1. State yes or no: is V13 assigned to a loop (DSSP other than H, G, I, E, B) and within 11 Å of the chain's Cα centre (by Cα)?
2. Scan E70, E19, E33, E82 and give me the residue that is free of Cβ contacts under 8 Å to residues at least 40 places away in the same chain and in contact with a strand residue (DSSP E or B) (Cβ under 8 Å, 6 or more places away or on another chain).
3. How many residues are small (G, A, S) and either under 17 Å from R15 (Cα atoms) or touching a residue at least 40 places away in the same chain (Cβ under 8 Å) (or both) if we restrict to region 38-67?
4. Here's a check for you: in region 51-87, which residue that is surrounded by 12 or more Cβ atoms within 10 Å (Cβ to Cβ) and part of a loop (DSSP other than H, G, I, E, B) is nearest to the chain's Cα centre (by Cα)?
5. How many residues does region 3-35 hold that are buried (at least 16 other Cβ atoms within 10 Å of the Cβ) and among the aliphatic types (A, V, I, L, M)?
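Each reported figure results from applying straightforward, stated rules to the coordinates on display, with no laboratory input. Since the model is a prediction, treat every value here as computed from it, not as a measurement. Glycine also receives a Cβ, built like all others from the backbone with ideal geometry; neighbour counts cover every protein chain displayed.
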Amino acid sequence: MKMKKIPMRMCVVTREKCEKRNLIRVVKNKEGEVLVDLTGKINGRGAYIKKDIEVLNKARKNKILERTLEINISDALYDELEKIINE
């Protein structure tokens, strides 16, 4: 029986490859809005972050997502990411 391929993506904070389902995608669309993409299908520039509160705090402290997406990110988005991780 053929094994199903598991999509792998890299976390922008830890730089480690993980399964796509263990990551959260943050997207900057053409209008310059930054959104959390739980479906993985929103058009735009995406960055993946690991579902870990320590990784999120490191991203917030070092502004890694802001550098990756080249846009300022509000605290509300970080709070939304924290809420998703804690669920």
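1. Values: assigned to a loop (DSSP other than H, G, I, E, B): yes; within 11 Å of the chain's Cα centre (by Cα): yes.
Yes.
2. Details: E70 fails: free of Cβ contacts under 8 Å to residues at least 40 places away in the same chain; E33 fails: in contact with a strand residue (DSSP E or B) (Cβ under 8 Å, 6 or more places away or on another chain); E82 fails: in contact with a strand residue (DSSP E or B) (Cβ under 8 Å, 6 or more places away or on another chain).
Just a single option satisfies the conditions, and that option is E19.
3. Step one: of region 38-67, the residues small (G, A, S) are 40, 44, 46-47, 59.
Retained after the next criterion (residues that are either under 17 Å from R15 (Cα atoms) or touching a residue at least 40 places away in the same chain (Cβ under 8 Å) (or both)): 46-47, 59.
Summing the residues that are small (G, A, S) and either under 17 Å from R15 (Cα atoms) or touching a residue at least 40 places away in the same chain (Cβ under 8 Å) (or both) in region 38-67 gives 3.
4. The residue in question is K51.
5. 7
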